[in-house]
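Everything on this sheet refers to the single structure shown next.
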Amino acid sequence: MSARHFLSLMDCTPDELVGLIRRGIELKDLRNRGVLFEPLKNRVLGMIFEKASTRTRLSFEAGMIQLGGQAIFLSPRDTQLGRGEPIGDAAIVMSRMLDAVMIRTFAHSTLTEFAANSRVPLINGLSDDLHPCQLLADMQTFHELRGSIKGKTVAWIGDGNNMCNSYIEAAVQFDFQLRVACPEGYEPNAKFLAMAGDRVQLMRSPQEAVAGAHLVSTDVWTSMGQEEQAAERIKLFQPYQVNAALLDLAAKDVLFLHCLPAHRGEEISEDLLEDPRSAAWDQAENRLHAQKALLEFLVEPAYHHA
């Protein structure tokens, strides 16, 4: 049986995605009530990190332990991957020893190549193209606090980066309208825009994008690997700061999300995470619950059918 992978939101059906979010909410409730639930006993997740991480590492590692399994942290410094072992070869060997693998990497092709050679599920913990696990957490947070996102209006303000690309996929899969406001030359990847069609509108004005929006999201202006462009980006993105005044233009019950880490005083005003409209702390916690739902979904069936 070929393994189910999660490299992008498009790897699941819309129904499966809604199911994952509902399951994330159930698993959160079990944890809050102190109920022991260990469906992944004796299962092992391998985690390869080529990029630094706080939330991704903690949520996957804690999530596996809470589900009764274990997680092994691998950095390129400690493995043969850092010394040029072909990714396909590593996938063949690792997937014979592990029950699932999560990779946080630069090139998205690293994931597709690994998946093609892996007999166990592979999860995208972030690539330069996409961050689908973060979107599960974002969608769970909106669902918990505001109900279904179907038919709602979402505004993405700032860089058309991997998070923005995943928001575009989410617009298609969760059926909402997305407005992306970014400076010229910082648009999201054209192939994602083409796939989404009229589900996504590109604009220059953040004010226009947030008008009446139910959810507003942003991310740092300088992503990992772009540090040398930081000064130039800060100048260019200044008008794209999300602050209380910008949120005032959105719907009355607007929710603000940020995948963190945040650079206060840059993409958000100093105090925005403390604004009652911000749910960034719930969103960060939901990485744990949404990914536990994902791990259960991917690993348990593989175990039963093995």
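The values are calculated or read from the model by the stated rules, or taken from the named source; none is laboratory data. From a predicted model like this one, the values you see are computed outputs, not experimental measurements. Note that each Cβ is placed from the backbone with ideal geometry, even for glycine, and that neighbours are counted across all protein chains shown.
In the range 280-296, the residue that is surrounded by the fewest Cβ atoms within 10 Å (Cβ to Cβ) out of those that are under 24 Å from E270 (Cβ atoms) and acidic (D, E) is D282. When the test is whether a residue is at pLDDT 95 or above and either under 30 Å from V172 (Cα atoms) or in a strand (DSSP E or B) (or both), A52 does not pass it.
Within the range 225-234, the set of residues being in a helix (DSSP H, G or I) and closer than 19 Å to M163 by Cβ comprises E227, Q229, A230, R233, I234. Within the range 127-143, is even one residue small (G, A, S) and either under 14 Å from the mean Cα position of the chain (by Cα) or buried (at least 24 other Cβ atoms within 10 Å of the Cβ) (or both)? For the range 127-143, residues small (G, A, S) and either under 14 Å from the mean Cα position of the chain (by Cα) or buried (at least 24 other Cβ atoms within 10 Å of the Cβ) (or both): present.
L111 meets all of the listed conditions (1) more than 16 Å from the chain's Cα centre (by Cα); (2) at pLDDT 95 or above; (3) more than 25 Å from V35 (Cα to Cα); (4) assigned to a helix (DSSP H, G or I) but one, namely (1). Pairs are defined by a Cβ separation below 6 Å, a sequence spacing of at least 6 or placement on different chains, a first member in the range 221-241 that is at pLDDT below 90, and a second member that is surrounded by 12 or more Cβ atoms within 10 Å (Cβ to Cβ) and of a type in the set (G, A, S); the pairs so defined are T222/A230.
Close Cβ contacts (under 9 Å, 6 or more residues apart or on different chains) running from residues in the range 1-14 that are part of a helix (DSSP H, G or I) to residues that are aromatic (F, W, Y) comprise L9/F174; P14/F174. Exactly one residue out of G82, G19 is modelled with pLDDT of 95 or more and either buried (at least 18 other Cβ atoms within 10 Å of the Cβ) or in the same structural domain as F114 (by TED's automatic domain parsing) (or both), and it is G19. Criterion applied to A137, A181, A170 was being assigned by TED's automatic domain parsing to the domain that holds L257 and either at pLDDT below 95 or farther than 25 Å from L45 by Cβ (or both), and the one residue passing it is A181. If you go through the range 55-96 and keep only what is free of Cβ contacts under 8 Å to residues at least 60 places away in the same chain, of a type in the set (A, V, I, L, M) and part of a helix (DSSP H, G or I), you end up with I65, L81, I87, A90, A91, I92, V93, M94. With respect to S8, is the statement that it is modelled with pLDDT of 95 or more, surrounded by 14 or more Cβ atoms within 10 Å (Cβ to Cβ), over 20 Å from the mean Cα position of the chain (by Cα) and not hydrophobic (A, V, I, L, M, F, W, C) true? Here the answer is no, as S8 does not meet what is asked.
For first residues located in the range 112-130 and assigned by TED's automatic domain parsing to the domain that holds L40, partners that are modelled with pLDDT of 95 or more and of a type in the set (K, R) and lie 6+ apart or on another chain with Cβ distances below 6 Å form the pairs P121/R4; G125/R104; L126/R104. Go through the range 244-273 and give me each residue that's surrounded by 15 or more Cβ atoms within 10 Å (Cβ to Cβ) and assigned to a loop (DSSP other than H, G, I, E, B). The answer is L249, A250, A251, V254, C259, L260, A262, E266, E267, S269.
Within the range 147-170, the set of residues being among the basic types (K, R) and either without any contact (Cβ under 8 Å) to a residue 24 or more places away in the chain or in contact with a His (Cβ under 7 Å, 6 or more places away or on another chain) (or both) comprises just one member, K152.
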